[in-house]
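Here the structure is laid out as C-alpha cells; the discussion comes afterwards.
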Amino acid sequence: MPLTIVTGGTRGIGAAVAARLAAEGHDLVLGHRSDAASAAAVVARLEAVGVRCVAVPGDLTTDEGIEALYAAADDLGALTGVVNNAGATYRFAPLADTPADEVRRTIDVNLTAPILVARAAVHRLGRGGVIVNITSGAATIGSPGEYVHYAAAKAGLDLLTRGLGLELADRGIRVVAVAPGLIETELHTTTGDPGRVARMAPQIPLGRAGQPEEIAGAVAWLMSEEASYVTATTLRVAGGR
Ligand code: NDP
C-alpha cells in the first residue's frame, strides 16, 4: 500500500489531495497546524475510506515540525510519496510595503520548508517514489503589486523540482510540481480580501476559479504509475492563465 505525506493536509488544496489519495488507497500522514479537533475529524473521514491516516501538528518552518512528520511516517511503514503542499501568503501588497520579517516568513514556508521536507524524503523513498511540489502560477507571472517575494519563492520551488528531479532520476525517484492558478480556498480570504476570487475569476481564460479537487486530480495522476515517465517538470493547472 502506498504511504504518502501531505503537508497542510487538513484543509484547502491539501485536504482535497488527501481525500483523493485516500480514495486511491494511500495510507496518509497529514501535516497541519489547525486545532486538534478539526484535524481529528479529517482523519476520521479518511479512515472511513479504509486507509490508515494520522495527523501530525507542527510548524514546517522548524526542524521539530519536519522531524515529527517523518517520525509518524516511519511508524507507519515505508514511505512512497510526499506532497509538499503547505504554503502561505500574508497580504497582497507591493514589496516595499511588506515588512521584512513577513518576506522572510514567506520564503521560509514556501521555499525553505518544502526543500527541507524533500531532503528528508530522499533517503526514505525507494524506486517508484514520488515528490510532488505545489508551486503556483505566480512563479510565471511574478505577481507585481501583490506578492513578488511569494512568486519568487514558488519559482525557486519550480527550479528545485527540475534540479532534484534530475538528481534523483537514476534512483527511479520522480520529482514533479503542480502549479495551480486561482483556486477557491481560504488562502485568499485570510489575507483580508474576501472579494478577490470573484474579482479575478473573469480574467481566467476558462472564466472561473478552479476547485481544490481539480488540483487533487492532477496530483493523483502525477503520483500514479500512469505518470511513470514524467519527472523534473511542472504541470500548470490554471484554467489557461
Ligand atoms: P490554505 O490557506 O487553504 O491552506 C494552506 C495550508 O498550508 C494549510 O493547511 C496550513 O496549515 C498550511 N501551512 C501554512 N503555513 C504552514 C506552516 N508554517 N507549517 C505547516 N503548515 C503550514 O491554502 P491553499 O490550500 O489554497 O494552498 C495550498 C498550496 O497551494 C499552497 O502552497 C499555496 O501557495 C498553493 N497555491 C494556492 C493557490 C490558490 O489560489 N489557492 C494558487 C497557487 C498556489 P494550517 O491550516 O493547519 O495552519
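Quick notes
- Hits in region 69-101 (condition: within 13 Å of the ligand (Cβ to nearest atom) and more than 21 Å from A22 (Cβ to Cβ)): G87, A88, T89, Y90, F92
- Selected residue (only one of T62, T7 is surrounded by 20 or more Cβ atoms within 10 Å (Cβ to Cβ) and hydroxyl-bearing (S, T, Y)): T7
- Of the residues S143, S136, the single one that is within 16 Å of the ligand (Cβ to nearest atom), in a loop (DSSP other than H, G, I, E, B), among the hydroxyl-bearing types (S, T, Y) and surrounded by 22 or more Cβ atoms within 10 Å (Cβ to Cβ) is S136.
- Scanning region 45-88 for residues that are acidic (D, E) and in a helix (DSSP H, G or I) gives E47, D63, E64, E67, D74, D75.
- A218 at pLDDT 95 or above, part of a helix (DSSP H, G or I), within 20 Å of A18 (Cβ to Cβ) and in contact with a strand residue (DSSP E or B) (Cβ under 6 Å, 6 or more places away or on another chain): yes
- Output for region 179-199, where each listed residue is out of contact with any His (no Cβ under 6 Å at 6 or more places or on another chain), outside any loop (DSSP other than H, G, I, E, B) and within 9 Å of the ligand (Cβ to nearest atom): A179, P180, I183, E186, L187, H188, T189
- One residue from A227, A179 being touching a residue at least 12 places away in the same chain (Cβ under 8 Å), in contact with a helix residue (DSSP H, G or I) (Cβ under 6 Å, 6 or more places away or on another chain) and under 18 Å from N85 (Cβ atoms): A227
- Some residue of region 16-32 being in contact (Cβ under 8 Å) with a residue 12 or more places away in the chain, surrounded by fewer than 20 Cβ atoms within 10 Å (Cβ to Cβ) and within 12 Å of the ligand (Cβ to nearest atom): no
- Yes/no for T61 being more than 9 Å from the ligand (Cβ to nearest atom), of a type in the set (S, T, Y) and at pLDDT 95 or above: no
- Test for E102: is it more than 28 Å from R174 (Cα to Cα) and not basic (K, R): yes
The values are calculated or read from the model by the stated rules, or taken from the named source; none is laboratory data. Since we're looking at a predicted model, the values are computed, not measured. We place every Cβ from the backbone using ideal geometry, glycine too, and count neighbours over all the protein chains shown.
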